[in-house]
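Okay, structure first, notes after.
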Amino acid sequence: MTAPPISHTVLIATLGTCVALLLAASVAVGYAPLDLGAAIADLAAGRQSLPALVLAELRLPRAILGAAVGFSLGVTGAALQGLMRNPLA
């Protein structure tokens, strides 16, 4: 017996959740240990502390750029498949 196909809504929600979790993990991981809660609190309050600076100037741009590059590569691959009419292109 084969399993019923997954609906597109469930698939998109699951993939979106995975992207959000991996984006958060990318922000949390770095060379130097960072108290993420304190950094977010300092950033929200407008305080110029070292954790807030590391978060705003280094880790967030790195994570957003990585997500944007991955998204653009995915869209480019999908466009290439549509242009070539080849699902393996």
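The values are calculated or read from the model by the stated rules, or taken from the named source; none is laboratory data. A quick note: this is a predicted structure, and the numbers were derived from the prediction, not measured. When we count neighbours, we look across all protein chains shown, and the Cβ atoms used for this are built from the backbone with ideal geometry, even at glycine. Accessible surface is based on the protein model in full, side chains and every heavy atom, while ligands, DNA and RNA are left aside. Shrake-Rupley method; radii C 1.70, N 1.55, O 1.52, S 1.80 Å.
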Query raised in the report: Around SER26, what is the net charge, scoring Lys/Arg as +1 and Asp/Glu as -1 over all other residues with Cβ under 14 Å from its Cβ?
Result: +2
**Report entry** Folded to 0 to 90 degrees: helix 60-84 orientation relative to the chain principal axis, Cα
**Finding:** 10 degrees
Query raised in the report: Given Cα pairs under 8 Å that are at least 6 residues apart, what percent is the relative contact order of the chain?
Result: 21 percent
Query raised in the report: Given a 1.4 Å probe, how much area per residue of the range 21-71 is accessible, in Å²?
Result: 70 Å²
Report task. At most 15 other Cβ atoms within 10 Å and a DSSP loop assignment: could you name the trypsin sites (Lys or Arg not before Pro) in the range 23-89 that fit? Result -> ARG47, ARG85
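Given only helices, namely DSSP H runs of n ≥ 4 each adding -39500 (n - 2.57), what is the per-residue ellipticity at 222 nm of the chain, to the nearest 500 deg cm²/dmol? Could the numbers behind the result be given before it?
Details: 4 runs with 61 residues, N = 89.
Value at 222 nm, helices only: -22500 deg cm²/dmol.
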Report summary line: Checked against the structure, the computed P(r) over Cα pairs in 5 Å bins from 0, in percent among [x] 2, 9, 10, 16, 14, 12, 12, 8, 5, 4, 4, 2, 1, 0; [y] 2, 10, 12, 13, 12, 10, 8, 7, 6, 6, 6, 4, 2, 1, 0, 0; [z] 2, 12, 15, 15, 15, 12, 10, 7, 6, 5, 1, 0 is the one labelled [z]
Report task. Using a 1.4 Å probe over the heavy atoms of the protein chains, calculate the carbon and sulfur portion of the accessible area of the range 13-54 as a whole percent. Result -> 75 percent
